[in-house]
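Below is one structure; the comments refer to it alone.
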Amino acid sequence: MSGGIKNIVNSLEAIRNLPPDAASVEGHTLGDAEVIAIASLRSLRELDLSGCDGITDHSVSRLRQVASLEELDLSFCNQITDASLMALAGLPALRFLNLNWCYGVTDSGLTALGHCKSLEVVSLWSCEEVTDSGVEALAMLPSLRVLDLPEFAAITDQALSVLSAKNTSLESLRLDHLNEISDEGLARLGGLKRLRSLTIEGCPKVTVDGVAALEKAIPGCQIHFRT
């Protein structure tokens, strides 16, 4: 989340006492009623709901009415599903979306997000139901700069090939514990000429030689590699 005055709330009463022009809100232990109340803030730009594991699609979908929303952290909100993403995809200014440990997220939700042209940063740690199809949908985002892919998901070299062919803006990519990613897929990332940071950890088919070849193809990219 970016800077600015952050209003920290943990109850419905605290939300109701927020100034009507509140731009940044961080919620603790909130439920659906509280998030629905937050959705009435028409100047809201940043919303951190990380760890609010009681909220559901019922309230998160209501955030689609906050047209000013730019940054949204839903990490550990593990009851939300693709229905929330289908609603959020209509937000015209959304740039940052953290979905870490949202286990109900699948390719269907990411396909919807592929229409959210303002998205720049997407994080998907532990969204293990995601496959190549979901990654390929995100590859179509014209402003995508940062993408953290989920560990232990069924993502293959095919997704990396499409990402390289379709995306021209990616600057940072994380590949963590993806068993089907190989040196062949890594080589295809050579088309990402703006890539400046690549993290590869626990991908058994990626070798030192594959990493070295990519370093030559993108000399401006810092590669963090651990077996």
TODO: Would you check if there is a residue in the stretch 151-158 being touching a His at 6+ places or on another chain (Cβ under 9 Å), of a type outside the set (A, V, I, L, M, F, W, C) and either part of a loop (DSSP other than H, G, I, E, B) or open to solvent by 30 Å² or more (accessible area, probe 1.4 Å) (or both)?
DONE: yes
Task: Contacts under 6 angstrom Cβ, first residue in the stretch 50-76 being on the phi > 0 side of the Ramachandran plot, partner of a type in the set (Phe, Trp, Tyr) and surrounded by 19 or more Cβ atoms within 10 Å (Cβ to Cβ), 6 or more apart - done: Phe76/Trp101
TODO: Please state which one of Pro142, Pro150, Pro92 is of a type outside the set (S, T, N, Q), out of contact with any Phe, Trp or Tyr (no Cβ under 8 Å at 6 or more places or on another chain) and under 19 Å from Ser197 (Cα atoms).
DONE: Pro142
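Search the stretch 165-181 for residues being open to solvent by 20 Å² or more (accessible area, probe 1.4 Å) and either outside any loop (DSSP other than H, G, I, E, B) or more than 19 Å from Thr227 (Cβ to Cβ) (or both), and hand back the single one that is modelled with the lowest pLDDT. Quick ask: steps written out before the conclusion?
If we filter the stretch 165-181 for residues that are open to solvent by 20 Å² or more (accessible area, probe 1.4 Å), which is where we start, we get 165-166, 168, 171-172, 174, 177, 179-180.
From what is left, the residues that are either outside any loop (DSSP other than H, G, I, E, B) or more than 19 Å from Thr227 (Cβ to Cβ) (or both) are 165-166, 168, 171-172, 174, 180.
Working: Ala165: 96, Lys166: 96, Thr168: 92, Glu171: 98, Ser172: 98, Arg174: 98, Glu180: 97.
Checking each candidate, the answer is Thr168.
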Task: Matching entry among Val121, Val130 (being more than 16 Å from Lys166 (Cα to Cα) and touching a Phe, Trp or Tyr at 6+ places or on another chain (Cβ under 7 Å)) - done: Val121
Open item on the list: Which residue is nearest to Met140 (Cα to Cα), if the candidates are limited to the stretch 206-216 and must be surrounded by fewer than 16 Cβ atoms within 10 Å (Cβ to Cβ) and touching a residue at least 12 places away in the same chain (Cβ under 8 Å)?
Closed with: Ala213
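Where in the stretch 1-104 are the helices (runs of 4 or more DSSP H), entirely inside, with at least 2 residues that are out of contact with any Pro (no Cβ under 7 Å at 6 or more places or on another chain) and open to solvent by 50 Å² or more (accessible area, probe 1.4 Å)?
Numbers: elements: 12-16, 32-38, 57-60, 82-88.
Filter on the stretch 1-104 gives 12-16.
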Open item on the list: Restricting to the stretch 182-215, name every residue that is in a loop (DSSP other than H, G, I, E, B) and within 17 Å of Ala153 (Cβ to Cβ).
Closed with: Gly202, Cys203, Pro204, Val206
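Only residues that are closer than 19 Å to Ile181 by Cα, open to solvent by 30 Å² or more (accessible area, probe 1.4 Å) and either assigned to a strand (DSSP E or B) or of a type outside the set (Asp, Glu) (or both): list them for the stretch 123-147, please. Can you show your working first?
Initial filter on the stretch 123-147 (closer than 19 Å to Ile181 by Cα): 123-139, 146-147.
Filter once more, keeping what is open to solvent by 30 Å² or more (accessible area, probe 1.4 Å): 125, 128-129, 131, 133, 136, 146.
Trp125, Thr131, Ser133, Val146, listed by residue number.
The values are calculated or read from the model by the stated rules, or taken from the named source; none is laboratory data. Everything numeric in this text was worked out from a predicted model, so none of it was measured. Cβ: placed from backbone, ideal geometry, glycine included. Neighbour counts: every protein chain shown. When the accessible area is computed, the model is the full protein with side chains, heavy atoms only, and any ligands, DNA or RNA have been set aside. Shrake-Rupley method; radii C 1.70, N 1.55, O 1.52, S 1.80 Å.
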